[in-house]
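Reading through the structure tokens given below for one structure.
The values are calculated or read from the model by the stated rules, or taken from the named source; none is laboratory data. All values derive from a computational prediction rather than experimental measurement. As a convention, Cβ positions derive from the backbone with ideal geometry for all residues, glycine included, and neighbour counts pool all protein chains shown. The protein model used for the area step is the full one, side chains on, heavy atoms only, and it has no ligands, DNA or RNA in it. Shrake-Rupley method; radii C 1.70, N 1.55, O 1.52, S 1.80 Å.
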Amino acid sequence: MRLSRYFMPTLREAPSDAQIVSHQLMLRAGMIRQEAAGIYAWLPLGLKVLKKIEQIVREEMDRAGAVEVLMPTLQLADLWRESGRYEAYGEEMLRIKDRHDRDLLYGPTAEEVITDIFRTYVKSYKDLPKNLYNIQWKFRDERRPRFGVMRGREFLMKDAYSFDIDEAAARRAYNRMFLAYLNVYSRLGLQAIPVRADTGPIGGDLSHEFIILAETGESEVFAHRDLVEMGAPGPDIDWDGDLEPLVQQRTRLYAASDEMHDAARFEAEAPEDKRMTARGIEVGHIFYFGEKYSKPMNAKVTGPDGKDVPVHMGSYGVGVSRLVAAIIEASHDEAGIIWPESVAPFGAAVVNLRPGEAAVDGVADQAYRALQGAGVDPVLDDRDERPGAKFASLDLVGIPWQLIVGPKGVADGVVELKRRATGERQTLSLEDALKVITG
Ligand code: 5CA
């Protein structure tokens, strides 16, 4: 991509209503634009990051055995009347009528729709377990949408739903998601803490929130430090095997959100120097809720004994659009965003300091094509701007590498390579610079 033809409307100053750093930086980097309170258009750079996060979530869901579907954003109110949640959900639900006067709603979540799909096709325990997920826009008419995409009204969620014959099998499904979530966050460069959580309007009796630490976070967490430092399990675990030990290793250490916090237990279970109280951002939430929806909605399968039983379900949400902001909260400096390579909008920027000067253009084009060939997804900064303005905007948008090509270097047969995360600069031959970037 040539920046001269791209659409990256960066701003020098953040609008004054943006209170937290991720919101300020997303606006300044030209990633999003607010269309209405809590409703955003995603501009090219923001969209690229969103898609990369989405893809990592998808890969880890697939690895853990979940199967992707796509459900509509608009749902029939009648389905929610069946589960009993239509009235109960309250003002957060955006209710709509179509031309035939039928009640619709913009889905805030999709337990009812997926249960309806499931009950239509699956009739026997032999077809279990199943875990179906989608990555789709949701709408919650939040009382106080704020902090940009961190708490939006329209937001992108990955929601997975598991169906099992009994509680023991459902817990195995829960464990798979629990560990898959840790792998997702780790690939995004985040350290997420699984904490015991309240189930809220989703319902059920077993639930964990995944929190990443950030001072601006809306959640308060209380956790044993050893849990905070424990790494993700990694992709090579036996997803069909017994995952209980890996999950227990993480759930036996104290960790709770504010609604579930029990100060006496915290003191009993964690020595003083291991007790951590901090603020954080909820980037995922998983629930086991048994027969809460399958019973009223009559989602039954025939068991091995020939009797029909309601399936045991769980649901598993990741805040995909919220994660864009959460990653920025966790990784930025005074100059702007520092993207982890896994989600950076571009892998590297080739900065042409003298567009129009044939020798410089030649080396910049060569570098750009080589990086393209190596699958780095580079951007070529061929804008007619002062070098200082180019560096400032590239620092702001957080591209991991800047490969700088100027007239003096070209005369000497070298380029400069800057690493965004550390600010470290090296003067190298083009060949060596490409080697450093492609690792
Ligand atoms: N049905 C379940 C799981 S599929 C569910 O809806 N869970 S949830 O309510 O906890 O939402 C899942 C995740 O979506 C949250 O952990 C959070 O990261 C994200 N999320 C929730 N509300 C918003 C919002 N208003 N703006 C941005 N992200 C949100």
**OP:** Any residue in segment 60-78 that's open to solvent by 50 Å² or more (accessible area, probe 1.4 Å): show its pairings with residues that are of a type in the set (Phe, Trp, Tyr) and not in a loop (DSSP other than H, G, I, E, B) at Cβ separation under 8 Å, as long as the two are six or more apart or on different chains.
**Re:** Val67/Tyr133; Glu68/Tyr133; Leu74/Tyr106
**OP:** Scan Arg95, Arg81, Arg99 and give me the residue that is part of a loop (DSSP other than H, G, I, E, B) and basic (Lys, Arg).
**Re:** Arg99
**OP:** Under 7 Å between Cβ atoms, at least 6 apart or on separate chains: pull out the pairs that start in segment 81-94 with a residue that is of a type in the set (Gly, Ala, Ser) and end on any residue that is in a loop (DSSP other than H, G, I, E, B) and open to solvent by less than 80 Å² (accessible area, probe 1.4 Å).
**Re:** Ser83/Tyr293; Ser83/Pro296; Ser83/Met297; Gly84/Pro296
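Residue by residue, here is whether (1) of a type in the set (Asp, Glu); (2) part of a loop (DSSP other than H, G, I, E, B); (3) surrounded by fewer than 18 Cβ atoms within 10 Å (Cβ to Cβ) holds:
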| site | (1), (2), (3) |
| --- | --- |
| Phe391 | no, no, no |
| Asp395 | yes, no, no |
| Ile399 | no, yes, no |
| Ala411 | no, no, yes |
| Ala433 | no, no, no |
| Val436 | no, no, yes |
Original post:
Of the residues Pro345, Pro355, which single one is under 20 Å from Pro378 (Cα atoms), out of contact with any strand residue (DSSP E or B) (no Cβ under 6 Å at 6 or more places or on another chain), modelled with pLDDT of 95 or more and surrounded by 22 or more Cβ atoms within 10 Å (Cβ to Cβ)?
Top reply: Pro345
Subject >> Per-region count, segment 152-168, residues open to solvent by less than 10 Å² (accessible area, probe 1.4 Å), more than 8 Å from the ligand (Cβ to nearest atom) and small (Gly, Ala, Ser) >> reply: 1
Subject >> Identity of the residue in segment 126-151, acidic (Asp, Glu) and touching a Gly at 6+ places or on another chain (Cβ under 9 Å), that ends up nearest to the ligand (Cβ to nearest atom) >> reply: Glu142
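I'd like the full set of residues that are under 30 Å from Met93 (Cα atoms) and assigned to a loop (DSSP other than H, G, I, E, B), limited to segment 195-237. Step through it out loud before you land on a result.
Going residue by residue through segment 195-237, those that are under 30 Å from Met93 (Cα atoms) are 195-221.
Hits for segment 195-237 are Ala197, Asp198, Thr199, Gly203, Gly204, Asp205, Ala214, Glu215, Thr216, Gly217, Glu218.
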Original post:
Just a yes or no: is a residue in segment 11-18 at negative phi and either within 14 Å of the ligand (Cβ to nearest atom) or in contact with a strand residue (DSSP E or B) (Cβ under 8 Å, 6 or more places away or on another chain) (or both)?
Top reply: no
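Please specify each residue of segment 106-119 satisfying the condition of being among the aliphatic types (A, V, I, L, M) and within 14 Å of the ligand (Cβ to nearest atom). Steps first, answer last, please.
Our first condition is that a residue be among the aliphatic types (A, V, I, L, M); within segment 106-119, this holds for 110, 113-114, 117.
Hits for segment 106-119 are Ala110, Val113, Ile114.
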Original post:
Quick check: is even one residue across segment 41-53 over 21 Å from Arg187 (Cα atoms) and in a strand (DSSP E or B)?
Top reply: yes
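Under the condition of being aliphatic (A, V, I, L, M) and farther than 16 Å from Val228 by Cα, which residue from segment 189-217 is farthest from the ligand (Cβ to nearest atom)? Outline the logic, then answer.
From segment 189-217, those aliphatic (A, V, I, L, M) are 190, 192-193, 195, 197, 202, 206, 211-214; that's our starting set.
This time we only want the ones that are farther than 16 Å from Val228 by Cα, so: 197, 202, 206.
On the way: Ala197: 8, Ile202: 5, Leu206: 13 Å.
Ranking the qualifying residues of segment 189-217, first place goes to Leu206.
Can you give me the ranges of the strands (runs of 3 or more DSSP E) entirely in segment 238-350 with at least 1 residues that are within 16 Å of the ligand (Cβ to nearest atom) and more than 24 Å from Asp226 (Cβ to Cβ)? Walk me through it before giving the result.
Working: elements: 255-257, 275-290, 300-302, 308-310, 312-319.
Per the criteria, 275-290, 312-319.
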**OP:** Within segment 90-97, identify whether any single residue is modelled with pLDDT of 95 or more, buried (at least 16 other Cβ atoms within 10 Å of the Cβ), over 17 Å from Tyr161 (Cβ atoms) and in contact with a Ser or Thr (Cβ under 8 Å, 6 or more places away or on another chain), and answer yes or no.
**Re:** no
